[in-house]
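Novice: Have a look at this one.
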Amino acid sequence: MAKDNKTGKASSAAGGWGALKSVGRHLMGSGQPVAGAQTLLKANQPDGFDCPGCAWGDPKHESSFEFCENGVKAVAWEATRARVTPAFFASHSVTALRGWSDYDLEHQGRLTHPLRYNPLTDHYEPVEWTVAFEEIGAALNALDDPNAAEFYTSGRASNEAAFLYQTFVRLYGTNNFPDCSNMCHEASGVALSEAIGIGKGTVQLEDFEQADAIFVVGQNPGTNHPRMLADLRKATARGARVVAVNPLKEKGLKRFADPQDKLEMMHGGSKPTSTDFLCPRLGGDMALFRGIAKLVFAADRAARERGAPAVIDHAFIAEHCDGLDAWRAIVEATKWVEIEEQSGLSRDEIQHAADIYMASDRTIMTWAMGITQHRHSVITIREMVNLMLLRGNIGRPGAGLCPVRGHSNVQGDRTVGINENPSAAFLAAMEAELGTTLPAAPGHNVLEAIGAMLSGQARAFIALGGNFARAAPDSALIAKAMTRLDLTVNIATKLNHTHLLNGRQSYILPCLGRTEIDENTKGVRQMITVEDSMSMVHGSGGINPPATKDLKSEIAIVAGIAKATVGTKIVDWPALADDYDAIRDMIARVLPDFGDFNTQVRRPRGFHLRNRAAERIWMTAVGKAMFGAVDLPRNTEWQRAQTADRHFVLQTFRSHDQYNTTIYGMDDRYRGVYQERRVVFINPVDMYRLGLDAGQRVTLRSVHDDAVERVAEGFQIVPYDIPVGCLAGYYPELNVLVPHGAFGDKSHTPASKSIMVSVTNSNT
Ligand SMILES: Nc1nc2c(c(=O)[nH]1)N[C@H]1C(S)=C(S)[C@@H](COP(=O)(O)OP(=O)(O)OC[C@H]3O[C@@H](n4cnc5c(=O)[nH]c(N)nc54)[C@H](O)[C@@H]3O)O[C@H]1N2
Ligand SMILES: Nc1nc2c(c(=O)[nH]1)N[C@H]1C(S)=C(S)[C@@H](COP(=O)(O)OP(=O)(O)OC[C@H]3O[C@@H](n4cnc5c(=O)[nH]c(N)nc54)[C@H](O)[C@@H]3O)O[C@H]1N2
Ligand SMILES: [Mo]
């Protein structure tokens, strides 16, 4: 367990001195502590940059120093002094670098020059920007079919970069937009669009100040959205109930010592971030929410019989909803034994949660990857929405839905058109703007792009950020497929594994990061914009000098490739790259909800993008919010694992020292794991049953119905308070086990939180 370095006592809270110590270490590690500290003062400030750490909202009325430990790591990681120069690539062949770890690759620092792969020497070598653009344009134009190219986006890209990118790709002729969101909150987008007519959450940050109850489901904010902890602890302090739902008792979901609270820090204190905890089995959440719904229906019936006030908001449902009766019938037909078995929770525990829900006038439901990365994620989210609709908890103050997004602009990228299946309305608006027709046939999502790479149908891969090959399922298979491509292009800040899986022709194009000053050719500073989880759109401008003078902005790079590929007849790419206001004007013409985008976004803290569901306007087929009526999943991974010896359900999640595939360090302080990432968390009862000791190495094998052997060897056993039959370990090391054929119904999101595996002792 972690020690509090001030008091020497074991710390039972997230944050605190441990967090401050870690901040100091990461700033020192960046090689420029003072500049780093100054940089942080501008994080999430009206005149600074948007923290690249996560998509949690910023308070509108405070100018407080809004940073967190992991925001510091993200900023320090980008603001490092280390550089990977052409000399580095001259001394290491690509084949040799493929043997390096993700940690070692990114640790080399910022990319400095555009690079081209030389197959004769097996080295990346510097290339002129204009030459790279021309060659990439020529290679793209040489493909028989634009649909043979895959255009990936990672969610750090700004609205402006993403909008320009999708404009270019559609003019080029395809809707192939595999996107990190396909591996992330896709299920939320699908379920919410079906249910409430918009694929986004409905709350704003201020709602957290008014809620009576907040359900925090399947997420680990202590690590992944640390600024959320401050809002949760404020809520518990004013008497709200915060119910954490997580198979693991994550530390940040229990207590938080705010490093920005001087008094508390001096006294080594901390405050609770939750009032109640439920630990379901992996994938057991739908059954839990069904159980709560059953109890709400029963309580409403009993109240009616007694002549007491109703528990269900019948007036809201009559005016705003459709499909209640069908859902109620299914809820009533679901048996308690099934609910208890699937959720792993007792009826008493579920009753306790239901009592909290029913006593609360204003409830918020938040969730993240613990809900979205399962086979039955979409129906689970539908069930959560159903429950919220039952008491009119959508579209009023202090209540609503809050899928907590991952990447800092993943929501904005979708808003501005990164979508393999664009709506007819969006395409029509783009066509009107450009005065030409665009492809309407749906393109590839991540899994379809993988399929196309494996089958040989895909010939080119272009990435606007990210680390596709590591983040995707079946990372070992993908690595092989990528090297068979004709063209690979990566726009990136730091070197990673995907860049080394080069196709026949291959480029790495280094870009400016969020924290850096972006000036146009006339020396005028440019600002980009992002949208957070609460649909707030705000500006972001860097303050540090660029890592090297040879970098270009993502926007300039996209414009350069676009000009060389589709020419300037329809879009004047260089002009747009020289004036981001002009891109924003274009966005506002295509998406009128942005209004007078350039004026609005220059207000301190930006503006709220209109969200009709939050106004109780439902853009669904029937114009109402829809209850979904679906049976509980049958044959869940957990149930199937019970039928075979040494079988388990494995979830893959993040340690406290990583940002997705970026590994900052080898520790996971809150879970008490140090200097090791190849670990598997397991319940002591299962250890005993399997005859395993703590620290022993095991081999994990996926159990999937294809002929592929997926093996992860030498993972160390860590006894942990985790439900029996369930395992956990770190992404991306375990992505070799995630079959690309195991994915969410309707969402096509890899089921990376419910992988069936067998466990055997390693020989070593
Ligand atoms: N520092 C840092 N910040 C980040 C990121 C990062 O890597 N590092 N990544 C960013 C991105 S892209 C994203 S998407 C978010 C991710 O944010 P999270 O969703 O918090 O990410 P995970 O680490 O995958 O944690 C999943 C949590 O869900 C729980 N869980 C797993 N399965 C289940 C289940 O079946 N039911 C329930 N109820 N819980 C379950 C796990 O125990 C774990 O606590 O964070 C963003 N912010
Ligand atoms: N097994 C398993 N797999 C998962 C997940 C899981 O929980 N389990 N989570 C999934 C989720 S939620 C997500 S979002 C994806 C993440 O997938 P990605 O978004 O593809 O991966 P990242 O690790 O965030 O990408 C890191 C790289 O982005 C580049 N980069 C950083 N900053 C910038 C920038 O400002 N501009 C540009 N152009 N490049 C930049 C750097 O080169 C860095 O190496 O992974 C998914 N994969
Ligand atoms: Mo994500």
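The values are calculated or read from the model by the stated rules, or taken from the named source; none is laboratory data. The structure presented is a predicted model; accordingly, all values stated were derived computationally and were not measured. All Cβ positions, even for glycine, are placed from backbone atoms using ideal geometry, and neighbour counts span all protein chains on display. Side chains are part of the model used for accessible areas, which takes the heavy atoms of the whole protein and leaves out ligands, DNA and RNA. Shrake-Rupley method; radii C 1.70, N 1.55, O 1.52, S 1.80 Å.
Novice: Of the conditions (1) crowded, with 23+ Cβ neighbours inside 10 Å; (2) over 27 Å from THR85 (Cα atoms), LEU509 fails just one. Which one is it?
Specialist: Here LEU509 clears every test but (2).
Novice: Oh, and also: Residues being away from ligand 2 (no atom under 16 Å from the Cβ), open to solvent by less than 50 Å² (accessible area, probe 1.4 Å) and at negative phi: count how many of those fall in region 434-473.
Specialist: Adding up the residues that qualify gives 9.
Novice: I'd like to know if region 156-168 contains one or more residues that are within 14 Å of the chain's Cα centre (by Cα) and buried (at least 24 other Cβ atoms within 10 Å of the Cβ).
Specialist: Filtering region 156-168 down to residues within 14 Å of the chain's Cα centre (by Cα) leaves 156-157.
Imposing the further condition that a residue be buried (at least 24 other Cβ atoms within 10 Å of the Cβ) reduces the set to 156-157.
Yes, the conditions are met somewhere in region 156-168.
Novice: Within the set of pairs 6+ apart or on separate chains, which have a first residue in region 391-412 that is in contact (Cβ under 8 Å) with a residue 60 or more places away in the chain, a second that is within 16 Å of ligand 3 (Cβ to nearest atom) and of a type in the set (Val, Ile, Thr), and C-beta atoms under 7 Å apart?
Specialist: Listed by first residue and then by second, the contacts come to CYS402/THR366; VAL404/THR366; SER408/VAL530; ASN409/VAL530; GLY412/VAL530.
Novice: What number of residues in region 726-744 are in contact with a helix residue (DSSP H, G or I) (Cβ under 6 Å, 6 or more places away or on another chain) and more than 16 Å from ligand 3 (Cβ to nearest atom)?
Specialist: Total meeting the criteria: 2.
Novice: Anything in region 242-269 that is open to solvent by 40 Å² or more (accessible area, probe 1.4 Å) and within 22 Å of MET369 (Cα to Cα)? List them, or say none.
Specialist: LYS249, LYS254, ARG255
Novice: I would also like to ask the following. When ASP102 is evaluated against the numbered criteria (1) open to solvent by 10 Å² or more (accessible area, probe 1.4 Å); (2) at pLDDT 95 or above, which criterion, by number, is the only one it fails?
Specialist: Among (1) open to solvent by 10 Å² or more (accessible area, probe 1.4 Å); (2) at pLDDT 95 or above, ASP102 violates only (2).
Novice: Kindly indicate whether ARG640 is over 20 Å from VAL759 (Cβ atoms), at pLDDT below 95 and surrounded by fewer than 20 Cβ atoms within 10 Å (Cβ to Cβ). Please lay out each step first, then the result.
Specialist: Numbers: over 20 Å from VAL759 (Cβ atoms): no; at pLDDT below 95: yes; surrounded by fewer than 20 Cβ atoms within 10 Å (Cβ to Cβ): yes.
Here the answer is no, as ARG640 does not meet what is asked.
Novice: If THR202 satisfies every condition in (1) of a type in the set (Ser, Thr, Tyr); (2) open to solvent by 10 Å² or more (accessible area, probe 1.4 Å); (3) touching a Lys or Arg at 6+ places or on another chain (Cβ under 9 Å) but one, which is the exception?
Specialist: Of the numbered conditions (1) of a type in the set (Ser, Thr, Tyr); (2) open to solvent by 10 Å² or more (accessible area, probe 1.4 Å); (3) touching a Lys or Arg at 6+ places or on another chain (Cβ under 9 Å), the odd one out for THR202 is (3).
Novice: Right, something else. With the requirement that a residue be under 25 Å from ALA614 (Cβ atoms) and over 35 Å from the mean Cα position of the chain (by Cα), what does region 280-310 give you?
Specialist: Scanning region 280-310 gives a single hit, ALA310.
Novice: Does region 392-408 hold any residues that are open to solvent by less than 10 Å² (accessible area, probe 1.4 Å) and within 16 Å of ligand 1 (Cβ to nearest atom), and which are they?
Specialist: Once the filter is applied, which keeps residues that are open to solvent by less than 10 Å² (accessible area, probe 1.4 Å) and within 16 Å of ligand 1 (Cβ to nearest atom), region 392-408 yields LEU401, CYS402, PRO403, VAL404, SER408.
Novice: For region 606-623, what are the residues that are crowded, with 19+ Cβ neighbours inside 10 Å and of a type outside the set (Phe, Trp, Tyr)?
Specialist: GLY606, LEU609, ASN611, ALA613, ALA614
Novice: Counting only residues that are under 25 Å from SER535 (Cα atoms), more than 13 Å from ligand 2 (Cβ to nearest atom), in contact with a Leu (Cβ under 9 Å, 6 or more places away or on another chain) and not in a helix (DSSP H, G or I), how many does region 152-180 have?
Specialist: Counting residues in region 152-180 that are under 25 Å from SER535 (Cα atoms), more than 13 Å from ligand 2 (Cβ to nearest atom), in contact with a Leu (Cβ under 9 Å, 6 or more places away or on another chain) and not in a helix (DSSP H, G or I) gives 1.
Novice: For region 181-269, please list each of the strands (runs of 3 or more DSSP E) lying entirely inside it that holds at least 3 residues being among the charged types (D, E, K, R). Spell out how you get there, then give the answer.
Specialist: Details: elements: 213-217, 241-245, 255-257.
Here the list is empty.
Novice: Residues in region 453-460: is at least one modelled with pLDDT of 95 or more, within 16 Å of ligand 1 (Cβ to nearest atom) and closer than 21 Å to ILE557 by Cα?
Specialist: no
Novice: For the list (1) in contact with a Pro (Cβ under 9 Å, 6 or more places away or on another chain); (2) within 16 Å of ligand 2 (Cβ to nearest atom), I need the number of the one condition that ARG603 fails.
Specialist: If we test ARG603 against (1) in contact with a Pro (Cβ under 9 Å, 6 or more places away or on another chain); (2) within 16 Å of ligand 2 (Cβ to nearest atom), just (2) comes out false.
Novice: I'd like to know if region 123-139 contains one or more residues that are in the same structural domain as ILE555 (by TED's automatic domain parsing), crowded, with 21+ Cβ neighbours inside 10 Å and in a strand (DSSP E or B).
Specialist: There is at least one residue in region 123-139 that is in the same structural domain as ILE555 (by TED's automatic domain parsing), crowded, with 21+ Cβ neighbours inside 10 Å and in a strand (DSSP E or B).
Novice: Separate question: If the requirement is being in a loop (DSSP other than H, G, I, E, B) and open to solvent by 10 Å² or more (accessible area, probe 1.4 Å), which of these qualifies: ARG116, ARG81?
Specialist: On the way: ARG116 fails: in a loop (DSSP other than H, G, I, E, B).
Residue meeting the stated conditions: ARG81.
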